[in-house]
Structure formats: structure tokens, C-alpha cells
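Here the structure comes first, spelled out in C-alpha cells, and everything after it is commentary.
No lab work stands behind these numbers, since they all come straight from the coordinates. Treat the numbers as computed from the prediction; the structure is a model and nothing was measured. Cβ placement follows ideal geometry from the backbone for every residue including glycine, while neighbour counts extend to all protein chains displayed.
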Amino acid sequence: MKADGHSETSDPMHTFYVGGLVEHKFGDKFGIQGEVLYSPLGGKVDETGAFEGDFEGNARVKAKTTFGTLLIPVSAKYFITENLAVSAGASFGIILTAKAKYEVTGGAQIPEEMATEFGIGDKVDVKDQTNTLNIAPFVGAEYSLENGLFFDARYNYGVSNLAKHADGDGKLTNSFLQVGVGFKFGGN
């Protein structure tokens, strides 16, 4: 399927993550942290244009892809104060599941066999088209209260190409923002 004179937008999904962490401090200023998390990461693509090839006409194609991902973030931390830290590291994501849902609207006539093949309107398994490892360097900040409650935020910049069989210069990456609330047992 080829689109000429088309426009495309891509948005991340808003979702959750859950897991645990271990932190080790080296004195008052430095520490390391390792985590194991699960999150259904992914994104949405909205493309509009005149299509040629397998079907012709003007159409709007929406795709929502969800990657069920086991995340293993490892970071170095610098404590600005006893309660405020900044961190940098990398998140190693193992994609356990990959699902996509496609919707096509507009004047384009889609042959029934093509609609069935691509699962238009249904969730389809795209794991065999997706690479398993998603490496994402990140930077973040954390604020901890004396009772063990903490708030953190980090931006993960996806560098791995998740498309197993990308055409030409095609590349699929997954960058994401995490904002969380947690509890540390045993204090700082």
C-alpha cells in the first residue's frame, strides 16, 4: 500500500506500569537502581491520503499498536538533597506480546480478502513482525518523602528498531514518558 500526498501523525499511548526496584546508595550523593517492570507500551498512528496499489481512493487509516513489555531499567542516581535525586540509565525492554488494531474510513474500497488478511477492525497478533528487544536510554528525577513514598518521572528515548522487516529506511521506535508513585520499604 502506497500513500501519495498523505499526512501522518503518531501519538504515544497513555497506560500504566507496575513492578519493583532495588536501590543501593554509595554515601550521601550517589546510588544505583535496578528495576523490573511490566507495561503495555505502544502508540497510535493516524494517516490520511490518496492511496494507490492494493486499493485506491482517499482514506483515513488508524492503527493502534500495543507492546506488552517486560522492562529492566538500570540507572545511576545523584542525590541533590536527601529527598531529591536525578538519574540516567537505560531501560532494556523485552517485548512479550505485540498486537495491532487497524481501522480504515473514507472513500477507499478495500477488497474483502485484504480486510480479512490485515484484520481490519480486529486486534491482530504482530509479534512475528516485531523485534523482541527495545533499548531506551533515559533521564529522570525522583522526590522521596520521609515515610518511603516517592514520586518519579523519566523520559525513555527508544533507539531500537522494533520493525523486524522494515522497508527501505523505515524504522519503528518506541519512546515514552513515565510518571509514577511508589513506596520504598526500609527508608532511604
request  = Any chance you could run the full-extension gain for Val36 through Lys123? It's 0.36 nm times the residue separation minus the Cα-Cα distance, nm to one decimal.
outcome  = 28.6 nm
task = May I ask you to list the residues of the stretch 160-177 whose amide nitrogen lies under 18 Å from a point 7 Å from Cα along the Cα→beta-carbon direction of Val74?
result = 160
query = Taking 0.36 nm per residue of separation and subtracting the Cα-Cα distance, what length does fully extending Val179 through Arg60 add?
reply = 39.6 nm
remark   = Pseudo-spin-label distance His24 to Lys44, built 7 Å along Cα→Cβ, given in nm, is 4.3
ask   = Taking 0.36 nm per intervening residue step and subtracting the Cα-Cα distance, what contour gain separates Tyr17 from Thr105 on full extension?
value = 28.4 nm
